[in-house]
Number of protein chains: 2
Amino acid sequence: MRRRHPTDSEPPHRVLIVGGGFGGLYAARALRRAPVEVTLVDRANHHLFQPLLYQVSTGILTEGEIAPPLRGVLRGQRNARVLLAEVRGFDLDARSVAATGPDGEAVTLGYDSLIVAAGASHSYFGHDEWEALAPGLKTLEDARTVRSRILRAFELAELAGDEDERDAWLRFAVVGGGPTGIEVAGQIADLSRRTLRPDYWAVDTAGARIALVEAGPELLPGFPEPLRGPAARDLRRIGVDVRTGAAATGIDAEGVDLAGGDRLPARTVIWAAGVAPSPLAGLLAAASGAGLDRGGRLEVEGDLTLPGHPEVLAVGDMVALDGVPGVAPAAMQQGRHAARTVRARVKDRPAPGAFRYRDKGSIAVIGHNRAVGTAFGVRFGGLVGLAIWAVVHVAYLVGWGSRAITVGRWLWTLLARDRAERVIAPPPAALADARP
Amino acid sequence: MRRRHPTDSEPPHRVLIVGGGFGGLYAARALRRAPVEVTLVDRANHHLFQPLLYQVSTGILTEGEIAPPLRGVLRGQRNARVLLAEVRGFDLDARSVAATGPDGEAVTLGYDSLIVAAGASHSYFGHDEWEALAPGLKTLEDARTVRSRILRAFELAELAGDEDERDAWLRFAVVGGGPTGIEVAGQIADLSRRTLRPDYWAVDTAGARIALVEAGPELLPGFPEPLRGPAARDLRRIGVDVRTGAAATGIDAEGVDLAGGDRLPARTVIWAAGVAPSPLAGLLAAASGAGLDRGGRLEVEGDLTLPGHPEVLAVGDMVALDGVPGVAPAAMQQGRHAARTVRARVKDRPAPGAFRYRDKGSIAVIGHNRAVGTAFGVRFGGLVGLAIWAVVHVAYLVGWGSRAITVGRWLWTLLARDRAERVIAPPPAALADARP
């Protein structure tokens, strides 16, 4: 237990941060030496290192390795506390936030400065009925569901009474050709060709057919142009059926309908396509009069404040800013910028002004031994790409314990061709019912 | 994929093993050089190293570390295959077993020899309504639920509006003074005194009160007498309130009623008391005319066969045999004995006769730095006990990868005073509703 140490007679400036993702966490850390009292509130008790979530969904890493408790991460920061509660509403005039605790109890949190970093979840473009058929990949629960679906499909293929049934269970489709879609498709290919093959009798798992469906004309929309071709080529080389210019128009238990009338049979479908900002974006817009863009993201000022509310800032995937992509480094940079703005405010110094995104590069992993990326304008690929990817991602992981174990897991996956986490979780009743 | 290699013109002797716990897995492995075709069927895709399940429930180990996939474990055994299905019934005359696959498909499995090792789950002594209030500790899902409940209670204490509410969330009760109950109670004490303390602001987690409730006159019933006193003494030393001779007569959201009228306030209750054999024990009894003991366990012949059915054997926790406790080593020994009986049958040699249990010792861990146990009649305790415990348990873990990582986790827990897995999983709707 750590009690606050009163530094002077004045009550300290209260900074409330909503969300413990990259934006919120980097804001909190950037305030560690400021004369403020930071409260970080999140509905989960953990940070989530989303760029590695696909590795939990394919059995490489454990939940704890990419999801350290927020309390643990901020343990050494004397001016920061953490609360487990879900934010439900804002009263910008009263400068207070309404939330509910895990047991439903009402919690009211006052603030002097507010940083909202509530992120995004997946969107099914108005087809919420697809969710039970094609789970997305935004939370740890999602990753467990996806992992269980993939491994379960191979078990069902092994049990199948005839060739047709067996083949049906060996068809996978991943919808969405961004980094997550590419990485998941590559990992399913890797699982079927390398990891699982020696474990089955009736089924040759290497016969699995994995399709990657992207509505746009090329994979990796938003990535630098020279990466898109190599990504598709590398995926095809490991046996992934890459379909670009193919929007999903329907999903059912047996497959995916594509725009133009094509039908893709697949009993296991994974959703890596749409992203929708947290509903808190809409609440903030209504409370402040700020606009929302076509995707529902909050339109903030150039310095990340809400119009007319210099004490309220919003950062990360829930925010619309020209030229800023919805990636982890952008959220980190915005979180730090928001903290700088708050520090200036507390010390009555000039504000740092408009946020500017610095693009340090992009990178995506394909299968077990290659990656494509750019850094500072230089393009790279193959095993070199994978090594750069590994160094960058390990560097951003929280805590040296996680880093060491994560590297160990990667070596294990690469050398022993095995996966550490292959438990099939029992499906929630709702999902079990969705399949006829 | 591995196809069977026909060894001669005769079809091989088919051994069907139901259950991939210690009994079934050790039976399968003991048949690795026998001229038989082994099929191991389980409703989960993994073995479960139950003696370490309490470490998953308290954040030390991950699921994969104690639950390797059965396919992986038996990968190197050419005569063994694995099926994911749940057994529903036996036709002993037709020598076939009815099962259902994970998608509900009917599977019929024929056999020449049958070994049933379906284990046990927890029993609430007729009070099934206690399950939602006091989760047990038999499956990985149970461990996730228990871990989430424990960590959630500290979060709710931190959120609490007043002292009374805070204290209510800091009261824990563990029902059942066997090894699991002792180990869980010790770990909650350790979490509250060591791991979580630096992470909270409003709450001193070391103020948590953990009660261990045992209906019998002493802890560790069934363990050698000289261990019982030290166990209670060591637990009290780390602050656990040990209540013996105290049967639970009622459980609600605020605590436990004890026989004699005492009331133990506790918002978090964990059940480590009753054990009930798999329902397959009853089905086998009905199919063969074998009896069931008072606890519902199957009464087998001394050689583990069913009366009148020398081709059907049952082993492990679902079986009643005088002088054989329901512990992992007993199940392993019975599994191996059943395999020897089958080998003798296949080769037309004399059967090995009656099963004899060899007690090599018992051991239980208390908190983070001591254990009590006996081995070959010698009693030990303290840190030496913990070291012996660690060596024995690591030796029985499957795979050197798991062993190395598990030892790493233990050192991490001991030295860094941290836990690797602290994710609070969202509660299933049914459990969330159980609390008013």
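The values are calculated or read from the model by the stated rules, or taken from the named source; none is laboratory data. A quick note: this is a predicted structure, and the numbers were derived from the prediction, not measured. Cβ atoms come from the backbone with ideal geometry, glycine included; neighbour counts cover every protein chain shown.
Residue-by-condition table, conditions (1) surrounded by 14 or more Cβ atoms within 10 Å (Cβ to Cβ); (2) aliphatic (A, V, I, L, M); (3) part of a loop (DSSP other than H, G, I, E, B):
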{"site": "B:R336", "(1), (2), (3)": "yes, no, no"}
{"site": "B:V342", "(1), (2), (3)": "yes, yes, no"}
{"site": "B:R349", "(1), (2), (3)": "no, no, yes"}
{"site": "B:F355", "(1), (2), (3)": "yes, no, yes"}
{"site": "B:H368", "(1), (2), (3)": "yes, no, yes"}
{"site": "B:V372", "(1), (2), (3)": "yes, yes, no"}
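Could you list, in sequence order, all residues of region A:374-394 that are surrounded by 14 or more Cβ atoms within 10 Å (Cβ to Cβ) and among the β-branched types (V, I, T)? Spell out how you get there, then give the answer.
Narrowing region A:374-394 to residues surrounded by 14 or more Cβ atoms within 10 Å (Cβ to Cβ): A:374-375, A:379-382, A:385-386, A:388-390, A:392-394.
Correct list: A:T374, A:I388, A:V392, A:V394.
Are there any pairs, at least 6 apart or on different chains, whose C-beta atoms fall under 7 Å, with the first in region B:85-104 and farther than 28 Å from A:I150 by Cα and the second in a strand (DSSP E or B) and aliphatic (A, V, I, L, M), and if so, which?
Short answer, once both residue conditions are applied: B:G89/B:A98; B:F90/B:V97; B:L92/B:V312; B:S96/B:L109.
In this structure, is B:G181 out of contact with any His (no Cβ under 7 Å at 6 or more places or on another chain) and modelled with pLDDT under 95? Walk me through it before giving the result.
Numbers: out of contact with any His (no Cβ under 7 Å at 6 or more places or on another chain): yes; modelled with pLDDT under 95: no.
Against the criterion (out of contact with any His (no Cβ under 7 Å at 6 or more places or on another chain) and modelled with pLDDT under 95), B:G181 does not qualify.
Is it true that some residue in region B:400-412 is within 30 Å of B:L219 (Cβ to Cβ), more than 14 Å from chain A (Cβ to nearest Cβ), modelled with pLDDT of 85 or more and in a helix (DSSP H, G or I)?
No, region B:400-412 has no match at all.
State whether the residues of region A:2-9 include one that is closer than 30 Å to B:R193 by Cβ, at pLDDT 95 or above and within 12 Å of chain B (Cβ to nearest Cβ).
no
Let's see how each residue does on (1) in contact with a helix residue (DSSP H, G or I) (Cβ under 6 Å, 6 or more places away or on another chain); (2) under 30 Å from A:D91 (Cβ atoms); (3) modelled with pLDDT under 95:
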| residue | (1), (2), (3) |
| --- | --- |
| A:W201 | no, no, yes |
| A:I210 | yes, no, no |
| A:R236 | no, no, no |
| A:A248 | no, no, no |
| A:G255 | no, no, no |
| A:P265 | no, no, no |
| A:V269 | no, no, no |
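Among the listed residues B:A27, B:A67, which satisfies the condition of being buried (at least 24 other Cβ atoms within 10 Å of the Cβ), of a type in the set (A, V, I, L, M), assigned by TED's automatic domain parsing to the domain that holds B:A328 and under 30 Å from B:F172 (Cα atoms)?
Working: B:A27 fails: under 30 Å from B:F172 (Cα atoms).
The conditions single out B:A67.
Which one of the conditions (1) under 25 Å from B:S96 (Cα atoms); (2) in contact (Cβ under 8 Å) with a residue 12 or more places away in the chain; (3) of a type in the set (A, V, I, L, M, F, W, C) does B:A344 fail to meet, given that it meets all the rest?
If we test B:A344 against (1) under 25 Å from B:S96 (Cα atoms); (2) in contact (Cβ under 8 Å) with a residue 12 or more places away in the chain; (3) of a type in the set (A, V, I, L, M, F, W, C), just (2) comes out false.
Only helices (runs of 4 or more DSSP H) wholly contained in region A:17-77 count here; list those with 2 or more residues that are under 22 Å from A:V327 (Cα atoms) and more than 10 Å from chain B (Cβ to nearest Cβ).
On the way: elements: A:22-30, A:53-56, A:63-66, A:70-73.
Correct list: A:22-30, A:53-56.
So if I check each of B:A134, B:A143, B:A160, which one is small (G, A, S), in contact with a Leu (Cβ under 7 Å, 6 or more places away or on another chain) and not assigned by TED's automatic domain parsing to the domain that holds B:R88?
On the way: B:A134 fails: in contact with a Leu (Cβ under 7 Å, 6 or more places away or on another chain); B:A160 fails: in contact with a Leu (Cβ under 7 Å, 6 or more places away or on another chain).
Matching residue, one of B:A134, B:A143, B:A160: B:A143.
Between a first residue in region A:294-322 that is within 13 Å of A:V116 (Cα to Cα) and buried (at least 21 other Cβ atoms within 10 Å of the Cβ) and a second residue that is modelled with pLDDT of 95 or more and of a type in the set (F, W, Y), which pairs have beta carbons less than 7 Å apart while being 6 or more apart in sequence or on different chains?
Short answer, once both residue conditions are applied: A:L304/A:F355; A:G316/A:F22.
Among the residues of region B:78-91, how many are surrounded by fewer than 17 Cβ atoms within 10 Å (Cβ to Cβ) and not acidic (D, E)?
Residues flagged as surrounded by fewer than 17 Cβ atoms within 10 Å (Cβ to Cβ) and not acidic (D, E) within region B:78-91 amount to 3.
What number of residues in region B:180-208 are surrounded by 22 or more Cβ atoms within 10 Å (Cβ to Cβ) and either over 27 Å from the mean Cα position of the chain (by Cα) or in contact (Cβ under 8 Å) with a residue 60 or more places away in the chain (or both)?
The total comes to 14.
Counting just the residues of region A:78-96 that are more than 8 Å from chain B (Cβ to nearest Cβ) and in a loop (DSSP other than H, G, I, E, B), which one comes out nearest to A:P307 (Cα to Cα)?
For region A:78-96, the residue satisfying everything is A:L92.
Take region A:97-127 and flag every residue that is more than 14 Å from chain B (Cβ to nearest Cβ) and farther than 24 Å from A:H13 by Cα.
Scanning region A:97-127 gives A:G119, A:A120, A:H122, A:S123, A:Y124, A:F125, A:G126, A:H127.
Taking A:T244 as the residue in question, decide whether it is hydroxyl-bearing (S, T, Y), more than 18 Å from A:F125 (Cα to Cα) and away from chain B (no Cβ under 14 Å). Steps first, answer last, please.
On the way: hydroxyl-bearing (S, T, Y): yes; more than 18 Å from A:F125 (Cα to Cα): yes; away from chain B (no Cβ under 14 Å): yes.
Here the answer is yes, as A:T244 does meet what is asked.
Within region B:41-65, can you find the residues that are within 19 Å of B:A120 (Cα to Cα) and of a type outside the set (A, V, I, L, M)?
Scanning region B:41-65 gives B:D42, B:R43, B:N45, B:H46, B:H47, B:F49, B:Q50, B:P51, B:Y54, B:S57.
Considering only region B:246-280, state which residues are surrounded by 23 or more Cβ atoms within 10 Å (Cβ to Cβ) and assigned to a loop (DSSP other than H, G, I, E, B).
B:A266, B:R267, B:A272, B:A273, B:S278, listed by residue number.
Hey, could you check region B:222-235 for residues that are surrounded by 13 or more Cβ atoms within 10 Å (Cβ to Cβ) and among the charged types (D, E, K, R) and say which is farthest from the chain's Cα centre (by Cα)?
Here is the first cut: in region B:222-235, the ones surrounded by 13 or more Cβ atoms within 10 Å (Cβ to Cβ) are B:223-224, B:227-235.
Pick out the ones that are also among the charged types (D, E, K, R) and you get B:228, B:233-234.
Values: B:R228: 21, B:R233: 25, B:D234: 23 Å.
So the residue we want is B:R233.
Residues in region B:218-227: is at least one farther than 23 Å from B:G381 by Cβ and not in a loop (DSSP other than H, G, I, E, B)?
Within region B:218-227, none of the residues are farther than 23 Å from B:G381 by Cβ and not in a loop (DSSP other than H, G, I, E, B).
Which of the residues that make up region B:150-172 are more than 15 Å from B:A211 (Cβ to Cβ) and away from every other protein chain (no Cβ under 12 Å)? Don't jump to the end; show me each part of the working.
Pass one, region B:150-172, residues more than 15 Å from B:A211 (Cβ to Cβ): B:151-152, B:154-166.
The answer is B:E163, B:D164.
Select from region A:128-149 the residues that are more than 12 Å from every other protein chain (Cβ to nearest Cβ) and of a type in the set (D, E, K, R) and write down the one among them that is farthest from the chain's Cα centre (by Cα).
A:E129
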